[in-house]
Amino acid sequence: MNPFIIQENIPLADKNWFKTGGPARYFCEPETASDFQQALGFAKEHNLQMFFLGEGANILISDEGFNGLVIRPRSAPLVITDASDSKTHALITAPAGLSMNSCIEKTLETNLIGLEVFSGIPGSLGGCAYINLHYFQHFFSDFLVSAQVIEKTTNKVLEVNLEWFKYGYNKSTLMSGNYFVISVTLKLQRATDTETAHALGRRYEIIRHRASRYPASNTCGSFFRNFHEDEVSLVWNGKKMIFVAFYLDKIGVKGTETVGGACVSWQHANMLVNKNQATSSDLIQLACTLQEKMKAAFGIMPHPECIFVGFKEYPLLDR
Ligand SMILES: Cc1cc2nc3c(=O)[nH]c(=O)nc-3n(C[C@H](O)[C@H](O)[C@H](O)COP(=O)(O)OP(=O)(O)OC[C@H]3O[C@@H](n4cnc5c(N)ncnc54)[C@H](O)[C@@H]3O)c2cc1C
């Protein structure tokens, strides 16, 4: 077991996918429930803001950094906890710090299938639980059974079930900021060797497909969230057009719009990329430009899926 320590002035640019942003005033990597309690206790004692960091695949950190305690749950091995005797399904329990891709690999190795639909998406299981990771019609909540969380105000460790999360599209109880995930328990399908081989094939195909559609580094994936049906009026093929990339594509920003070292990906109009030593401020200005252009062209303002860390004020236009 690693000793639990709190470090000072730790760079964060190498710990997030945009590769931008300043340092954390304090930083720690808890593993056990007791480590998590110590981390929260330290933040309370020193009156510090806390930020739970996963793989940093959906965040943008201010160039000034984070003037508080960044808590990054340590990755640890996956445990197959199943005591259910079910012939069709098994339960696995995994730490919040484990990456989704390691989890997929480990579960396929033991003939447990399902998670491969999320192949190639970066993120820790804690980050996936936060946003309710999604890919087309698949959601993280399709697999979650329960979780161990820690409550910010009381420092208590709680066992919670799926209903507790109140999941929707980009929506969960965790977004209140009052609870943090320590571990998750997921229900996966038991498979034969042949079914597992097919799942592996699906995994490779999804990774190949994603590589052709999305930039592979220096991005946070979709910068803006898709619209809810009641936010848009444009109908396309008989359905409300909710996809923000559709509108951004129409205004012709893909691969062309830039601010400093930041640009809109040539592969996907809703993905901003740190192409050439961009600062977080470049990325913010670029996002504001996209908001302005979309408002002017379609009368609607896109809202971020990307989470902002360490900014003194909300950095985009029109919250
Ligand atoms: C190339 C690329 C492609 C992507 N494609 C997709 C996609 O297809 N679908 C999709 O849904 N997302 C996608 N994303 C976004 C990203 O993969 C997900 O949001 C992922 O869940 C982020 O996990 P993370 O560990 O990196 O979280 P971070 O970015 O580190 O944090 C995101 C949020 O989760 C919170 N959080 C992290 N850990 C915990 C915890 N233990 N307890 C409570 N809160 C926590 C953080 O505080 C923060 O608010 C993509 C990103 C990239 C870079």
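The values are calculated or read from the model by the stated rules, or taken from the named source; none is laboratory data. Every value quoted in this text rests on a predicted model; they were computed, and no experiment measured them. Heads up, the Cβs are rebuilt from the backbone with ideal geometry, glycines too, and the neighbour counts pull from every protein chain shown.
Sort through L69, L108 and tell me the only one that's more than 9 Å from the ligand (Cβ to nearest atom), among the aliphatic types (A, V, I, L, M) and part of a strand (DSSP E or B). Result of the check over L69, L108: L69. Checking the structure you have, find out if any residue of segment 121-136 is more than 12 Å from the ligand (Cβ to nearest atom) and within 25 Å of N170 (Cβ to Cβ). No, segment 121-136 has no match at all. Does A297 satisfy being part of a helix (DSSP H, G or I), loosely packed, with under 15 Cβ neighbours inside 10 Å and away from the ligand (no atom under 13 Å from the Cβ)? Yes.
Looking at P73, P30, just one residue is within 21 Å of V149 (Cβ to Cβ), touching a Lys or Arg at 6+ places or on another chain (Cβ under 7 Å) and touching a residue at least 24 places away in the same chain (Cβ under 8 Å), and that residue is P30. Residues of segment 256-273 that are farther than 21 Å from D63 by Cβ and within 21 Å of the chain's Cα centre (by Cα): S265, Q267, H268, A269, N270. State yes or no: is F139 not assigned by TED's automatic domain parsing to the domain that holds T173 and not aliphatic (A, V, I, L, M)? No: the conditions fail for F139. May I ask you to verify whether F223 is surrounded by 15 or more Cβ atoms within 10 Å (Cβ to Cβ), modelled with pLDDT of 95 or more and within 13 Å of the ligand (Cβ to nearest atom)? So F223 fits the description; yes. Taking segment 153-177 as the range and being part of a loop (DSSP other than H, G, I, E, B) and near the ligand (Cβ under 10 Å from one of its atoms) as the test, the residues that pass are Y169, N170, S172, G177. Based on what the data block shows, is I121 assigned to a helix (DSSP H, G or I) and within 17 Å of R210 (Cβ to Cβ)? No, not satisfied. Segment 1-66 holds strands (runs of 3 or more DSSP E) entirely within its bounds, and those carrying 1 or more residues that are within 12 Å of the ligand (Cβ to nearest atom) and under 22 Å from the mean Cα position of the chain (by Cα) map to 50-52, 59-61. Going through (1) within 15 Å of the ligand (Cβ to nearest atom); (2) touching a Leu at 6+ places or on another chain (Cβ under 9 Å) one by one, I206 falls short only on (2).
Give the residues of segment 206-233 that are under 18 Å from the mean Cα position of the chain (by Cα) and among the charged types (D, E, K, R), sorted by residue number. Listed by number, the residues that qualify are R210, R225. Among the residues of segment 85-95, is any within 16 Å of the ligand (Cβ to nearest atom) and surrounded by fewer than 20 Cβ atoms within 10 Å (Cβ to Cβ)? Yes, the conditions are met somewhere in segment 85-95.
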